[in-house]
Amino acid sequence: MEVLGIESSCDETGAAVVNEKKEICSNVLWTQIKMHTPFGGVVPEIAARAHLERIDEIVREAMEKAGIGFEDLSAVAVSAGPGLIGGVIVGVMTAKAICAAHRLPFVALNHLEGHALTARLTGEVEFPFLLLLVSGGHCQILAVKGVGQYEKLGGTMDDSAGEAFDKVSKMLGLGYPGGPKIEAAAKKGNASRFEFPVPMKGRPGCDFSFSGLKTSVRHTIEQLTGKAPGAEILPEEEMRRELTEQEICDIAASFQAAVLKTVKDRLEHAVKIFKSRFPTGKDLVVAGGVASNTALRGMLTELAEKNKLQFTAPPVNLCTDNAVMVAWAGLERFREGLTDSLDFKARPRWPLDASRPGKK
């Protein structure tokens with residue numbers, strides 16, 4: 001059983017082939033980061049056009065590297081949402097065309113389900129498991145009961161963790177994408193120099209909030225640079241001249257520490273809820289782009305050990321958007337008999353806990 005996965009939901013164009021033996025037969029990924037860096041974030045129109053220009057070439061290369069033809073595939077899976085709708089449509093229409101031409105089953109995958117199930121490809125993770133999903137657009141905690149079966153325990157009330165990293169990175173003049181930039185600077189900084197708030201700490205439930213933390217960072221920068229509260233943040237190149245290198249690193253370290261404290265507090269609540277509802281569950285899994293952060297992984301490892309859970313994280317290269325996760329999750333759905341008709345419509349928004357079971 002071999003499944004082709006196609007990813008184009010944001011700024012990565014990818015295609016990959018995975019089989020039921022958990023072998024990655026091919027993995028081709030083209031990133032648009034250089035195209036969006038001058039704008040400090042992803043520009044949807046630029047992203048959609050770039051996907052359209054490259055996707056045929058990417059799919060062709062993935063099939064060639066896998067050493068198979070379309071007739072050898074069991075199904076084609078594609079990120080059908082959530083995401084930037086222009087890019088999502090490019091991927092969905094490409095997958096539909098392949099399925100129609102070669103009479104293959106079509107799997108319209110919730111992009112977040114791809115992240116959620118990657119740990120089952122790269123590790124020995126069984127249902128049910130507790131999932132922390134952290135990326136540029138999402139921050140939530142879910143109980144994963146099975147393929148297509150998700151129970152949301154908590155989510156962000158404003159910004160996602162990844163979005164907060166991006167915005168703080170821009171304030172500090174570190175550039176885009178923010179996650180790796182902040183992490184690199186934090187390694188050279190003093191995390192105790194600035195005492196930033198830990199949003200939602202001690203409150204009931206498992207919801208997140210990062211907006212207040214981001215605002216606190218901004219106020220600190222204003223104080224250090226002598227700018228009036230609420231004044232426009234300086235352009236990146238000017239910000240670097242206003243702040244010393246050590247100040248930038250110390251702010252990055254202190255901000256990252258506050259994020260980790262927030263995540264830890266929220267997860268401690270989630271673990272108690274998860275264990276009470278799913279006593280057979282024994283895995284804590286992290287997924288999404290922010291899951292590549294080594295400090296976050298270290299904190300989660302300790303938290304899992306403390307609560308007698310097994311911690312699992314995908315390899316760093318499979319944390320950010322990629323087609324391997326799409327192919328694998330598509331294979332999991334296909335194996336359960338969950339496929340979709342070719343009239344499926346791409347979705348810009350699609351909560352994971354509202355994911356439908358598909359058609360058997």
List every residue pair whose Cβ atoms sit under 8 Å apart, with the two residues 6 or more apart in sequence or on different chains, where the first one lies in segment 186-201 and is at positive phi and assigned to a loop (DSSP other than H, G, I, E, B) and the second, anywhere, is open to solvent by less than 50 Å² (accessible area, probe 1.4 Å) and acidic (Asp, Glu). Met200/Asp265
Report yes if Cys10 is closer than 20 Å to Leu318 by Cβ, open to solvent by 10 Å² or more (accessible area, probe 1.4 Å) and over 18 Å from the mean Cα position of the chain (by Cα), otherwise no. no
Any hit, segment 160-171, residues being of a type in the set (A, V, I, L, M, F, W, C), open to solvent by less than 30 Å² (accessible area, probe 1.4 Å) and without any contact (Cβ under 8 Å) to a residue 60 or more places away in the chain: no
Taking segment 305-342, which residues are touching a Lys or Arg at 6+ places or on another chain (Cβ under 9 Å) and over 18 Å from Ile24 (Cβ atoms)? Asn307, Lys308, Leu309, Gln310, Phe311, Glu336, Gly337, Leu338, Thr339, Asp340, Ser341, Leu342
Within segment 319-337, considering residues that are open to solvent by 10 Å² or more (accessible area, probe 1.4 Å) and of a type outside the set (Gly, Ala, Ser), the one nearest to His51 (Cα to Cα): Asp321
Is at least one residue of segment 102-114 open to solvent by less than 10 Å² (accessible area, probe 1.4 Å), more than 17 Å from Arg333 (Cβ to Cβ) and within 19 Å of the chain's Cα centre (by Cα)? no
Out of all the residues in segment 82-91, which are surrounded by fewer than 24 Cβ atoms within 10 Å (Cβ to Cβ) and closer than 25 Å to Arg335 by Cβ? Pro82
Checking Lys272, Lys308, Lys261 in turn, the sole residue that is assigned to a helix (DSSP H, G or I), without any contact (Cβ under 8 Å) to a residue 40 or more places away in the chain and open to solvent by 30 Å² or more (accessible area, probe 1.4 Å) turns out to be Lys272
Selection from segment 67-81 of residues that are surrounded by fewer than 20 Cβ atoms within 10 Å (Cβ to Cβ) and among the aliphatic types (A, V, I, L, M): Ile68
Can you confirm whether Asn19 is open to solvent by 10 Å² or more (accessible area, probe 1.4 Å), of a type in the set (S, T, N, Q), at pLDDT 95 or above and under 20 Å from the mean Cα position of the chain (by Cα)? no
Could you list, in sequence order, all residues of segment 34-63 that are assigned to a loop (DSSP other than H, G, I, E, B) and either of a type outside the set (A, V, I, L, M, F, W, C) or open to solvent by 60 Å² or more (accessible area, probe 1.4 Å) (or both)? Gly40, Gly41
Residue in segment 25-33 that is open to solvent by 40 Å² or more (accessible area, probe 1.4 Å), assigned to a loop (DSSP other than H, G, I, E, B), at pLDDT 95 or above and within 19 Å of Leu109 (Cα to Cα) present: no
On the given criteria, is Thr280 β-branched (Val, Ile, Thr), within 26 Å of Lys22 (Cβ to Cβ) and part of a loop (DSSP other than H, G, I, E, B)? yes
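The values are calculated or read from the model by the stated rules, or taken from the named source; none is laboratory data. Here the structure is a predicted model, which means the values were calculated and not measured. Backbone-built Cβ (ideal geometry, glycine too); neighbour counts: all protein chains shown. Side chains are part of the model used for accessible areas, which takes the heavy atoms of the whole protein and leaves out ligands, DNA and RNA. Shrake-Rupley method; radii C 1.70, N 1.55, O 1.52, S 1.80 Å.
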